[in-house]
Amino acid sequence: MEAIVSLAKRRGFVFQSSEIYGGLNGFFDYGPMGVELKKNIRDCWWNDMVRRREDIVGIETSIIMHPKVWEASGHVAGFSDPLVDCKVSKNRYRADQLFFAPVVIDGNTVGYVSALESDKTTEELQAAAELMKRKKAIQGTLAPVVVKDFTEAKPEEISQIPSPATGNPDLTPPRAFNMMFQTNVGAMTDASSVAYLRPETAQGMFVDFKNVVDTGRVKLPFGIAQTGKSFRNEITPRNFIFRSREFEQMEMEFFIHEDDDWAKWHRYWINWCKDWLLSIGLPESHISEYDHLKEKLAFYSKGTTDIMFKFPFGVQELWGIAARGNYDLTQHANASGKPQEIFDEATKKKFVPHVIEPAVGLDRIFLAVLASCYAEEQVTDDKGNTETRTVLRLSPRIAPVKVAVLPLLKNKEQLVARAQALYKKIKRKYPAFYDEAGAVGRRYRRQDEIGTPWCVTIDFDTIEKEGDTFTLRERDSMAQKRITETELFALLEEQVY
Ligand code: GAP
């Protein structure tokens, strides 16, 4: 992660928000390269999800919506995480990310150990238990630790579990902490003007359902999609942009007939999402599925599957695909008094459609891309010198720069003129970069670090030999070959879509 965060800063992908003031925890800025990469991922999703399909339409709804939306959706009452305070250090923890275990020797509990969630929580707790046994000099056999999270702690245990910050039992019982950011609309700042920054984009699709049906010429099954910022006052934002307080979502609500086979559609969308991740270059080996346990699902949910991704800090949720029944539309119909139904020509009956919801975070995909495309490798140059090459193996679909155009020498007018002409022509259609500073090898390395799939070098063969060819250097293999302008554009046309 350290190498990725460092590259992200060095090459202008991601900066800490308000860095000159010390930063603001859970907020990030995207730099010149980052904003392009992010836009490319968003555009790929939009093209594949909306424009290239006939059954999905897009919308863009406001970030601040009527507060009743969030009452009907259940967010005002229930969009909370269990929060635990350390009374001494003032640190705050999410109870479900704080783990503990009783230290049991010869069947007797002699104390408790705690650790924050990580890849090695169990090992850490076992080591802490062994340390406690040694420190207290207790004879006997230490049982393997049985790990629970703090939401499962009984009151008598809470008074004994040590705070990770102080090592003493300074923790409060968990309490619900609503994660919606509040604001006030208009000049009054009383209860009547309270509104929320949306914690998800999905509600926009439900609230505008009737508008889209009445104006969009859509027929079941069909979907409504949008991308946009969401805000959650996360208790523990962490792992760089993985869990932040302001982030962008890409969500789609796919409405189906109440009698349709929801499980078939659910599977269809899980597969679609996985295929799409591969299409933007994520490795299949890092992708897995996790089915939420039936007994932990909300009462209206028929099933939720998360597409998991192997991040450097562990396997974590990337994309959730939920079968939500007709819960959301029914809630809004009841709260607004406006029916959210569709007329079935076959049965001549009205019904509320059911929905399958693939919901993903754009920033999370961005991180998955950076983490899995980042590589450091040893390369040997023509003179036999070995050096470390840092390379981002980004798919041409999402790479911020598609081609770098390099004149071999910057003081040869003919080379520069030909390079400039090619650069300007490419730039009309594709993001390109012109670089004439330094040795060609160094220029290649700079492009490797930002993930540019191809460099074309305008050399003496270009201007002296027949055919107007350039050297095309491929990022991953570093292989070079000669190519014409027509062939270059054909390559771009095929690979950048
Ligand atoms: N409408 C359903 C919904 O919002 P969610 O699982 O809470 O479901 C969907 O969020 C996706 O949004 C997650 O799978 C994740 O990719 C992304 N996401 C959620 N919270 C996030 C956060 N704090 N920072 C970055 N991405 C987040």
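What the table below lists for this structure:
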| quantity | calculated |
| --- | --- |
| Condition broken by V88, with the remaining ones in (1) over 27 Å from K296 (Cα atoms); (2) part of a loop (DSSP other than H, G, I, E, B); (3) open to solvent by less than 40 Å² (accessible area, probe 1.4 Å) satisfied | (3) |
| Residue check for F255: within 15 Å of the ligand (Cβ to nearest atom), surrounded by fewer than 21 Cβ atoms within 10 Å (Cβ to Cβ) and at pLDDT 95 or above | no |
| Residue in the range 420-443 that is touching a Pro at 6+ places or on another chain (Cβ under 7 Å), of a type in the set (A, V, I, L, M, F, W, C) and buried (at least 19 other Cβ atoms within 10 Å of the Cβ) present | no |
| Of all residues in the range 365-384 being hydroxyl-bearing (S, T, Y) and away from the ligand (no atom under 16 Å from the Cβ), the one that is modelled with the lowest pLDDT | T380 |
| Residue tally, condition of a type in the set (S, T, N, Q) and within 16 Å of the ligand (Cβ to nearest atom), over the range 328-364 | 1 |
| Unmet criterion (only one of (1) within 14 Å of the ligand (Cβ to nearest atom); (2) farther than 19 Å from I41 by Cα; (3) part of a loop (DSSP other than H, G, I, E, B)) for L282 | (2) |
| Extreme residue, farthest from P339 (Cα to Cα), among residues of the range 181-199 that are within 14 Å of the ligand (Cβ to nearest atom) and surrounded by fewer than 20 Cβ atoms within 10 Å (Cβ to Cβ) | F181 |
| Single condition I365 does not satisfy, out of (1) over 27 Å from the mean Cα position of the chain (by Cα); (2) buried (at least 20 other Cβ atoms within 10 Å of the Cβ); (3) in a helix (DSSP H, G or I) | (1) |
| Answer residue from the range 315-347, given it is of a type in the set (A, V, I, L, M), without any contact (Cβ under 8 Å) to a residue 60 or more places away in the chain and buried (at least 19 other Cβ atoms within 10 Å of the Cβ) and is nearest to V218 (Cα to Cα) among those | A333 |
| Filter pass, S230 being within 16 Å of the ligand (Cβ to nearest atom), in a strand (DSSP E or B), touching a Ser or Thr at 6+ places or on another chain (Cβ under 9 Å) and at pLDDT 95 or above | yes |
| Residue match in the range 232-239 (condition: in contact with a Lys or Arg (Cβ under 6 Å, 6 or more places away or on another chain), hydrophobic (A, V, I, L, M, F, W, C) and either open to solvent by 30 Å² or more (accessible area, probe 1.4 Å) or more than 30 Å from D344 (Cα to Cα) (or both)) | yes |
| Positions within the range 25-66 being of a type in the set (D, E), out of contact with any helix residue (DSSP H, G or I) (no Cβ under 7 Å at 6 or more places or on another chain) and either over 19 Å from E200 (Cα atoms) or in a strand (DSSP E or B) (or both), in sequence order | D29, E36, D43, E54, D55 |
| Hey, K229 touching a Leu at 6+ places or on another chain (Cβ under 9 Å), open to solvent by 50 Å² or more (accessible area, probe 1.4 Å) and of a type outside the set (F, W, Y) or not | yes |
| The range 300-327 - residue that is assigned to a strand (DSSP E or B) and basic (K, R) and, of those, farthest from the ligand (Cβ to nearest atom) | K310 |
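The values are calculated or read from the model by the stated rules, or taken from the named source; none is laboratory data. Every value quoted in this text rests on a predicted model; they were computed, and no experiment measured them. For neighbour counting, all protein chains shown are included, and Cβ atoms are generated from backbone atoms with ideal geometry for every residue, glycine included. Quick note on the areas: whole protein, heavy atoms, side chains included, nothing else; ligands and nucleic acids left out. Shrake-Rupley method; radii C 1.70, N 1.55, O 1.52, S 1.80 Å.
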